[in-house]
1. Once both axes come from the Cα atoms, what is the angle between helix 143-153 and the longest principal axis of the chain, in degrees from 0 to 90, rounded to 10?
2. Would you mind checking Lys578/Lys654; Lys151/Lys273; Lys190/Lys344; Lys245/Lys624; Lys117/Lys138; Lys138/Lys245 for any pair whose Cα atoms are more than 26 angstrom apart?
3. Output the Kirkwood hydrodynamic radius of segment 506-657, Cα pairs only, in Å rounded to one decimal.
4. Kirkwood Rh over Cα pairs of the chain into Stokes-Einstein at 37 °C, 0.692 mPa s: D in µm²/s?
5. Just add up the charged neighbours of Asp137: K/R +1, D/E -1, any other residue whose Cβ is under 14 Å from the Cβ of Asp137.
6. Among Leu428, Leu406, Leu335, which comes first, second and so on when ranked by fewest other beta-carbon atoms within 10 Å?
7. Just order 463-470, 621-628 by mean Cβ neighbour count inside 10 Å, highest at the front, would you?
8. What size of dipole, in debye to the nearest 20, comes out for the chain about its Cα centre when the only charges are +1 on Lys and Arg C-beta atoms and -1 on Asp and Glu C-beta atoms?
Amino acid sequence: MKVYDTTHIRNVAFVGHGGSGKTSLVDALAFVSGSSRRHGNVSDGTTLTDCSQDEVERQHSIGLGLGFAEWMDTKINMIDTPGYLDFFGEAITGLHAADAAVVVLSATSGVEVGTEKVWQVCDHLHLPRILFVSLMDKEHADFERVFADIKEHLSPKVLPVEIPVGDGPDFHGIINLFSGKAHMYQAGTKSGEYQEVDVPEEYAERFAAYSEQLTETVASTDDSLIERYLEGQEISREEVVTAMKRAIIAGEIVPLFVGSGELTFGTRALLTKMVELLPSPAEIESPADVPLVGRVFKTISEPHVGDVSLFRMYRGSVQNGSVVFNAEHEVTEKLNHLSIQQGKDRYEVSQLAEGDIGSVAKLKDTHTNDTFCSQRSPVHLPPIPFPEAVATSAVLVKTRGEEDKLAAGLHKLHEEDPTFHFEYNSELGQTLIHGMGERHFEILLRRLENKFGVVAELIRPKIAYRETLRGKAEGQGKHKKQSGGRGQYGDCWVRLAGRPHGEGYEFTNKIVGGAIPSKYVPAVNRGIQEAAARGIVAGYPVVDFSAECYDGSHHNVDSNEMSFKMAGILAFRNVASKARPALLEPLDDVEVLAPEDALGDVMGDLSGRRGQILGTETDGRLTKVTAIVPQSELYKYSTILHSMTHGRGTFHRKFHGYVEAPSEVVAKVIAESKAESAKAS
């Protein structure tokens, strides 16, 4: 495999809404360039970058995929990303590894929620970008409508560089506004071949208008060019390309191209323009001024291979067998079998130049977001900011005894996908998983089974209710046991009372006259706390109360710490039930971003979930709704919100606090607690 220097490399992320044609386009570009031997198809499961079993079956991208195209003596690293929001972290990863983006839109659907999301990330990263309207051959394709949609919802700086000849099934050519020629395609074209002809007469007027707009807009970005343009002088193609590249990198222009990945129409022009208009890594400012720096942006676990690390070099080059320093874990790693990815295939290379993207297997202590560097010049690159989890579920193994295998598999899945997190919650007795939505969870469980042999199911997570005392009461706890020989004796009198929210537990020793020896009083305290942890209403921990031990009795022989601990347990059980115990339920602060036309449904739904609406405010093109909602009402909310807002709504939640639960909730929780206890016994 040829080694390319930095100036002959382009790192391009392909992003856009799910189903817009990104994967088909990447596949076609690799094939047309000759870097891939076959032209795959999504419906057949044969595309270059959708190679996992889940992607083949579902016919859409789930994880980030890498491929490359060699064109005009340049290597174009193509990062194919998923478009559905459950896998949005993969798109963010791809954009952080790239120097530019091709934003792909469907000619039938235009700007969709996924397009808007990735556009915002591109804006944040100041990435130069190209727009590509794909699927031009599909029924109801409409270039003009999509162009207007882009101007309204993405950027007024969009500038067509190509316009189609025909829409939908009649799509058979592309007019190149640079050259002033039409590229006409024949049915059955395999590799984007076309016949170059003059602009068809029926398109002459349209071509003239778009061509003048192109030249004037590009010329206006350069003082010398605009003067010549206004004087009526001719501006060469090379001058237009040079000026346009500067404008694209500066964010002043976003060029628009058209085509069909499936038919390979428009692929040759796109390959050429990616080389001519997008920056090489040499033209991008390095994130660190050190001799050597790279970052692992993705980890893939492969059967029979182990972990494969995908990484991007920012400064310096590495050779096969190079030893690099991992600054995060302060260990050295040897880069054996240095490779580049072409879909699921890897090709070993002798060297990876500054700015290039490669892969290496079986690194011992290096993970996603870790930095490569020289041990003499250690550096930490800022981590890729993955989106926070919005959905939580509990997961349960179907075969008892596989809990350790479950934990190991979930850890591997987190390595592959940092938007996924898991924890074992000892209070609830459940393994909880956190991620981007129910579709995300389904994929994770499928991978858990296929890769690690663990069969598990999703179940509703328990809610961490609390209990407290609303009144005061006092009473006795007496533990007396005599069964021959030395007995057990502990006797205490306690007062219990509720405390204000958040003030916690307080114990006071009011024993006088040695009714209980001082060495046994702490055991009473421990007994009260142990009983409180088991609850009095429905088995949940009791919080925010005080306990006062004010009297008791002891036996010179039979009393000991264990006896007084049992006395404390009995005292709490006897007294707490008389101190007006109450169930507390946890609430979350919820912020929902939704389009105006879905606002009524969103607010009505939140109210139906016993949510308290705090207010609304405009946030860009969306409206932000703030509310306080019980945690028990938010299970699978991401799926419901997605449905109500047609995928355009998002939400964030954080813990707010506890409030006393209404009577109907208390009754339900008590019934569930009794049913669970009966099942356990």
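We did not get these values from a lab; they are worked out from the coordinates using the rules stated. On a predicted model such as this, the values are computed, not experimentally measured, just so you know. Here Cβ is always computed from backbone atoms with ideal geometry, including for glycine, and neighbour counts include all displayed protein chains.
1. 50 degrees
2. On the way: Lys578/Lys654 34 Å; Lys151/Lys273 21 Å; Lys190/Lys344 23 Å; Lys245/Lys624 38 Å; Lys117/Lys138 24 Å; Lys138/Lys245 31 Å.
The pairs that break the limit, which is 26 Å between Cα atoms, are Lys578/Lys654; Lys245/Lys624; Lys138/Lys245.
3. One decimal place: 19.1 Å for the Kirkwood radius.
4. In µm²/s, the coefficient is 112.
5. Local charge sum for Asp137: -4.
6. Values: Leu428 13, Leu406 21, Leu335 24.
Going from least to most buried by this count: Leu428, Leu406, Leu335.
7. So the peptides 463-470, 621-628, ranked by packing, come out 463-470, 621-628.
8. Computed charge dipole of the chain: roughly 4180 debye.
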